[in-house]
Amino acid sequence: PPKADIDNENNNIHAILNGNLHEKVAKLYPVSSDQLFLVWVGVGLRLAYLRDYGQSALGFTLLMGALAMQWAVLCRGVFQTDMGQIFIGMESILGAERSALSAVISYGAFMGLASPLQALVLTFLHVPLQAALQHHTDNILQTVDRGGSISIHLFAAVFGVTASWGIMGDKNYSSKRLHTSKHSQILSMVGMVVMVIYMNSSSVTHEGSKVTLDGRPCPCDDRYRLAINTFLAVTTAVTVAFPVSSIVNTRRKFNFMDIQTGVLGGSVAVAAVAELSIQPIGAMVIGAATSIICILSKRILRPRIRQYVGVHDTACIGVSHGLGGLLGALVGVIMAATAPTPGTKESDYNMSYSYFKLYPARSPTTTSYAYQELVKDLAIEPGLGRSALTQAQVQLLAIAVTVVTAAVAGAFIGKMLSYIQQCKPFLYDC
């Protein structure tokens, strides 16, 4: 990009003299480091809970994460080309890291089922599908999914689980390969803690300080809400996960996998609505309810699905990331439908700039009288003038599109890989 071009004379001029030197890289680089730590360390250790797949979890997470990031820069750049060129900047790197996070999360569903080559093929095809879907939901539908519960976690879970089903086919997966050990469970627990800490912190955007037309700085109340709501939801999910794990265990003991599932589910769920005005009690209810539902689903629903449908999910991705993301997305639908227009007595946002930042499509159109009045006080961009009900319907549509796209793509690709593997002797004979 021009701001990284050594031949650009503006890069050698101080910002006061109208140069383009700025602090944006200094603000975005720590976020990039957090996301790298989340992808390579958090997810890698989280998937290392199986004794026989510890090295595979760490090694292939490192490999697939690196390949997914490089591939995602190009795939996401297709939707953001400038004069036919794909620029590599901090924004594109951050987006590529989030696409890689989705890819390595989905790997946890078919870990141990897919061969290394099959896993790489799934990752290679996962990235452009996820990039196209996120571009569609964020820029065309203009949904509110800042935490990536829909485009990252829900997509990864559905894609990974259906791909696992396609690869497995009629084969019976031996439970003897699912043994854990104390050391592997400890590593997995550390990975879960890393994921919870860094997952939502990377959702805080560093766009620089925007100002209103009269020079006053715009409020950043959405970031404060994100930090507070995430803290309350995650701590509540942890507190609830331990007693629920003990209750559902026949020996009344704590189970590390139950606790991980509940805590991750609560963290993923609140990511969808952490910046919204859900109030402290709402954040705690989301964390507690999601934790309980995810643990019960893991204990009751998951074994029955495996038995009757034949769906295998090695690291319980479908429950922790899939169900957690779905519950958070549904809460987002309710919040969109019940969020009154700013300025009304019922609105928690009052005449807040962050309301139109969170719901850009609800901003009035350029030619409307409402926009001309709002722009006098707030530096907002024109939108589509959507109503609260329309925005909620769009949020629901985004969930449906994500689930259907991920399910169809994952099942089709998994079946094709399974069919190709069965044709190996025929190909060798030819």
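Nothing in this text is a laboratory measurement; each read-out follows from the coordinates by a stated rule. Just so you know, these numbers come straight off a predicted model, no measurement behind them. Here the Cβ is made from the backbone with ideal geometry for all residues, glycine too, and neighbour counts use every protein chain on show.
Tabulated data for the structure shown
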{"read-out": "Pairwise FRET efficiency - residue 33 versus residue 67, Cβ, R0 = 22 Å, nearest 0.05", "value": "0.70"}
{"read-out": "Vicinal HN-Hα couplings computed from phi for the stretch 152-158 (Karplus, 6.51 cos²θ - 1.76 cosθ + 1.60; Hz; Gly/Pro x)", "value": "9, 6, 5, 4, 4, 5, 5"}
{"read-out": "Reference-scaled alpha-carbon Rg (2.2 N^0.38 Å with N residues) for the stretch 39-116", "value": "1.25"}
